[in-house]
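One structure below.
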Amino acid sequence: MLKKILSVVMICALHANSSQTDTNQSSYVDELYTDFSGKILEWSERIDTKLSDWLEDPHYDTPDTTAPDDALSNDIKKMDSFFQNQKFLEESEKTYLRLRLESDFHSKESNNFNATLNAQLPLSRSKKHLKIFIDNITDENANDLFHENLDKEEPSSGIGIHYFAPQTYGIASRYSLGMTGITPFVRARYNMPLKTDGWLIDPIQLFQYSAENEFIEQTNIYFDKKLENSAFFRLLLHRKTESEINGMDYALALQYFKNPKKDKGYSVSQSFEGNTEYPDISQNNPDPKQAKTYSGINNYTTSFRWRESIWRKWFFYEIGPSVNFHKKFDYKPNYSLNFMIDFYFGNYR
């Protein structure tokens, strides 16, 4: 599947180079994109209708719409939508398919290239708040999606179904059932947004259990402050534990997002990461058996990202230079450059 989508993307890219001189070719690309997005919506509708026939009366009642959020929440959601961050992907109710081509270049680590697929298909007919999801499928792991892969220590891709439960006492709940390889997993996500003195505070708790990786739990707390019409500041607190890994991960990130125009924006971030039982394995001490435990911050990262929609509203590029100081390199600077291209199919934003 991923190879077919990449073929469509390559056709779009080839026509993009000549679209300035040939209007007919440009129209062809628009038709190709519209047809492909229409197929995604059509597949979603067909699956939804079929499940509706199986599960309940096909002459369903239209689900009640929830009350709209306040202006602060909506403004931040719009900017999260533009930057296509993980928070947006987890909370979006849109039907979409996003293909991301990404390259990373490092001064002290190996370079890499990835093509990643994410998708969501809401099923409003068959059940309220029910959605099929596809997470982080790459060209490498797509063939292993339904086959056992013993080389992977943790899930790298997944496919399954989300159920967004009605809010209870202000707590939004989402339950997921899926597969990665032949390993099933269950996941529960809870969040309760709060607003106080111009801040939007969103604590999120996640629990996951799988037969292969056992238990994972993590907490993310977002503190968002709108600064002006097109910018906001975010303070992110993170912690995570896994049954197969000693200690607890923790992190702090200070982020500034600015979206002056609907087709362009940038972000600046400073993050600090650590683990309470980090094994101090470095070039000077490469033997894991002799590694000492370190509990302080082991990585400092400063990054800048520029994101822009060009040529078409569904075609994005993003470039991000950064520098990090990791304990495994004795805190010497590791310079890196990340470049990505996003193709967004379906209901655009």
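The values are calculated or read from the model by the stated rules, or taken from the named source; none is laboratory data. All of these numbers come straight from a predicted model, not from anything done at the bench. Every residue, glycine as well, gets a Cβ built from its backbone with ideal geometry; the counts of neighbours run over all protein chains shown. Note: areas computed on protein heavy atoms with side chains; ligands, DNA, RNA excluded. Shrake-Rupley method; radii C 1.70, N 1.55, O 1.52, S 1.80 Å.
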> Quick one: net charge of SER336's neighbours, Cβ under 11 Å, K/R +1, D/E -1?
Replying inline: -1
> Per residue and in Å³, how big is the convex hull formed by the alpha-carbon atoms of segment 196-348?
Replying inline: 167 Å³
> So, in segment 174-308, how many Lys pairs have Cα atoms under 28 Å apart, if the pair is 8 or more places apart or on different chains?
Replying inline: 19
> Can you give the accessible area of LYS264, probe radius 1.4 Å, in Å² rounded to 10?
Replying inline: 50 Å²
> Using alpha-carbon positions, what is the distance between the centroids of segment 248-266 and segment 178-226, in Å?
Replying inline: 19 Å
> Of all the accessible heavy-atom surface of segment 220-326, with the other protein chains kept in place and a 1.4 Å probe, what percent is carbon and sulfur?
Replying inline: 56 percent
> In what order, largest first, do TYR278, TYR190 sit by accessible area if the probe radius is 1.4 Å?
Replying inline: TYR190, TYR278
